[in-house]
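What follows is one structure encoded as structure tokens, with my remarks underneath.
Values in this text are rule-based calculations from the coordinates and carry no lab data. Nothing here was measured: the structure is a model prediction, and the numbers come from that model. Glycine also receives a Cβ, built like all others from the backbone with ideal geometry; neighbour counts cover every protein chain displayed.
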Amino acid sequence: MIKLGITGNIGSGKTTVCALFEALGVPVIYADRVSRQLLEDDPTVMEAVMTLLGKGSYRDGIPDRAFIAAQVFGSKQNCPGSTGLSILEFTDLFNVGLRNYLPIRCMP
């Protein structure tokens, strides 16, 4: 299987390209949606985020996106690559969640 990542700046046409692929019957996985779903529903990801960034990451089980963003982007200590959660560990968490996400939401 060929895997292709579509990246670009805001307004560069990523969604348009993905819509074209979808029209051709190609399964398209939107990483934003998958990561949001994992952040909201996956206990392993939720625990990792709270361990890394603190209990304030969630309020009543709902991700506090402003808190998370401030912790990650407002601190060199918590920026990706300088945390206790390595990119490989994050990738593993994402891939496990992705496998759980795909059959339900993305595959034709």
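Exposure proxy ranking for Tyr58, Tyr30, based on other Cβ atoms within 10 angstrom of each Cβ and starting from the fewest, stands as Tyr30, Tyr58. Our estimate of slack between Lys55 and Thr15, defined as 0.36 nm per intervening residue step minus the Cα-Cα distance, is 11.0 nm. Extent of segment 8-55 along its three principal axes (Cα atoms, max minus min coordinate, largest first): 42, 24, 10 Å.
Highest average first, the peptides 61-73, 2-14, 37-49 ordered by how many other beta carbon atoms sit within 10 Å of their residues are 37-49, 61-73, 2-14.
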